[in-house]
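In what follows, a single structure is set out as structure tokens and then discussed.
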There are 2 protein chains.
Amino acid sequence: MFVIGSGARHLEDEMKALGGRILDAEIKRFPDGEKYVRVLGSSEEVTVVQSTFRPQDEHLVEMILLADALRERGARKLRAVVPYFAYSRQDRVTKEGEPVSVRAVMRTLAVYYDELYVFDLHNPETLKFFQGKAVNLSPAGVIADYFGEKLGEGVVLAPDKGALMRAKAVAERLGLEYSHFHKVRVSPTEVRMEPVDVDVKGKNVLIVDDIISTGGTMIRAANLLREMGAEKVFVAATHGVFAEGAIERVSKAVDELAVTNTIPTPVSKISVVPEILKL
Amino acid sequence: MFVIGSGARHLEDEMKALGGRILDAEIKRFPDGEKYVRVLGSSEEVTVVQSTFRPQDEHLVEMILLADALRERGARKLRAVVPYFAYSRQDRVTKEGEPVSVRAVMRTLAVYYDELYVFDLHNPETLKFFQGKAVNLSPAGVIADYFGEKLGEGVVLAPDKGALMRAKAVAERLGLEYSHFHKVRVSPTEVRMEPVDVDVKGKNVLIVDDIISTGGTMIRAANLLREMGAEKVFVAATHGVFAEGAIERVSKAVDELAVTNTIPTPVSKISVVPEILKL
């Protein structure tokens, strides 16, 4: 049985349509701003689906409240499916005195949840902070399904070496070539992207990353690919954490931009619901 | 050493003026809405002061992030001082399927904090949910100090039996009489207040409660006291969780309204800082 948090409402209809059994929940706010939740039913094993995009902290606290309500009603095993995991980019101490925020959130969720499922975590190693079974789900299958025909005999690229595994996972599903760009820091504020080592002339190209925020990297990569003679340039990402105006800027620079619906955005055209229902 | 969260900024100047040693912290927000915290220094034992009024969930998550940063920098013992504790009124399951929200928050804080100090918790029994030393601090001393002279040979009253201990604590400090009103439910939506069993004629009266939200009870009690011939009517509460317009409505009905600064409001004239510094 699934319980849908307010950060996963956009997935509910599709989950139901595909046969997901949903336990209804009432989620509202008291006049003083506190959240009120109530689960309308119970089960021994329950999976709470909650994506933790903005307002991140409200979505997180809601998960704790829902879990407390489910335990109170006798749930023995609680699974958390968190398609977009808040604070995942705060995965290390960059300046002394900073927290490892993703660790703090994982530890907090582990108070109530036995298992954690996320999509394409920024740093999968941080799953170790969750005391319990923790799984990083890949969106490569749904991204490959979405772009496969459009790409034809194209190439899949990562914007940098760190994202290569993501490009590889999509490319292998489609039997295509893959590679990554090199980023060279030319000054403290400027990064130059070097052309890739594969021939993209006349080919369609898909660039894959985990998160798009400003979209600057994607736009630079797309422009470089045009110069190199690429035919169509597509951009895919798991999480559309778009900064103001980023969707428009990236869309203008490429032939198609599509992200998954871990976060609901106007370009969240690729659904992770089928992957959730496999759990 | 103290670290001040963004829900306790209004206490910082007074804490410093009274000799509190503060470890500076940087608290801001990333463009995507996530909180960023950084502690600028460290200590073996640190007390995080954070009141969790609106936005409650952000204040709570901030406490977790601050604690993670402090542990990372080597803090061995962490104390949380939470002057106003969010979700404290959700202390029992009223309708099947609800969480005991205050339990959920206490359990979450216990992941990082060894000790918890709160002021005048709505239901002090719920402190048992915190796995560690948990203390309910009384504002009776600072309330008595503030209203003592104004009250003279007056009477201290609680608006209902449940709040009697609060009135008693203030009255005993001032050597005054105390009692409580009786609330009689006359219909599902209507509660009638019965006159108190002490003579208030010609006397000043202080009504004490833990939380004022709509202020309806306080206004009814004040009107009743006027009918009974009371001289001046004062109202004090620990937490000013005021609904829209409540400060104005209560102020109009009484001679003076004053709450403590566990929540910053225009009538938070009674400071709990001296009590915090005693810890």
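The values are calculated or read from the model by the stated rules, or taken from the named source; none is laboratory data. For clarity, every value in this text was computed on a predicted model and none was experimentally measured. Virtual Cβ from ideal backbone geometry, glycine too; neighbours counted across all protein chains shown.
Of the conditions (1) free of Cβ contacts under 8 Å to residues at least 12 places away in the same chain; (2) away from every other protein chain (no Cβ under 12 Å), residue B:44 satisfies every one except a single condition; which number is it? Every listed condition holds for residue B:44 apart from (1).
If the requirement is being touching a residue at least 12 places away in the same chain (Cβ under 8 Å) and under 30 Å from residue B:2 (Cβ atoms), which of these qualifies: B:246, B:258, B:222, B:230? When all the criteria are applied, what remains is B:258. For the stretch A:122-134, the criterion of being part of a strand (DSSP E or B), within 26 Å of residue A:208 (Cα to Cα) and not hydroxyl-bearing (Ser, Thr, Tyr) is met by at least one residue. Out of B:73, B:79, B:92, one residue alone is within 10 Å of chain A (Cβ to nearest Cβ) and surrounded by fewer than 21 Cβ atoms within 10 Å (Cβ to Cβ). It is B:73.
The one condition from (1) within 11 Å of another protein chain (Cβ to nearest Cβ); (2) crowded, with 16+ Cβ neighbours inside 10 Å that residue A:54 does not meet is (2). A residue that is closer than 18 Å to residue A:268 by Cβ and out of contact with any Cys (no Cβ under 9 Å at 6 or more places or on another chain) cannot be found anywhere in the stretch A:34-47.
Yes/no per residue for (1) touching a helix residue (DSSP H, G or I) at 6+ places or on another chain (Cβ under 7 Å); (2) not hydrophobic (A, V, I, L, M, F, W, C):
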{"position": "B:43", "(1), (2)": "no, yes"}
{"position": "B:100", "(1), (2)": "yes, no"}
{"position": "B:110", "(1), (2)": "no, no"}
{"position": "B:115", "(1), (2)": "no, yes"}
{"position": "B:121", "(1), (2)": "yes, no"}
{"position": "B:146", "(1), (2)": "no, yes"}
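Just one of the listed residues (A:106, A:63) is closer than 18 Å to residue B:97 by Cβ, at pLDDT 95 or above and not in a strand (DSSP E or B), and it is A:63.
Have a look at B:138, B:187, B:179 and point out the one that is without any contact (Cβ under 8 Å) to a residue 12 or more places away in the chain and more than 14 Å from every other protein chain (Cβ to nearest Cβ). Going through B:138, B:187, B:179 in turn, the sole match is B:187. Quickly run through the stretch A:1-39 and pick out the residues that are in contact (Cβ under 8 Å) with a residue 60 or more places away in the chain, in contact with a strand residue (DSSP E or B) (Cβ under 8 Å, 6 or more places away or on another chain) and assigned to a loop (DSSP other than H, G, I, E, B). Matches in the stretch A:1-39: A:5, A:8, A:20. The one condition from (1) crowded, with 17+ Cβ neighbours inside 10 Å; (2) over 23 Å from residue B:109 (Cβ atoms); (3) within 14 Å of another protein chain (Cβ to nearest Cβ) that residue A:112 does not meet is (2). For the stretch A:194-212, the tally of residues that are farther than 18 Å from residue A:169 by Cα and surrounded by fewer than 17 Cβ atoms within 10 Å (Cβ to Cβ) stands at 6.
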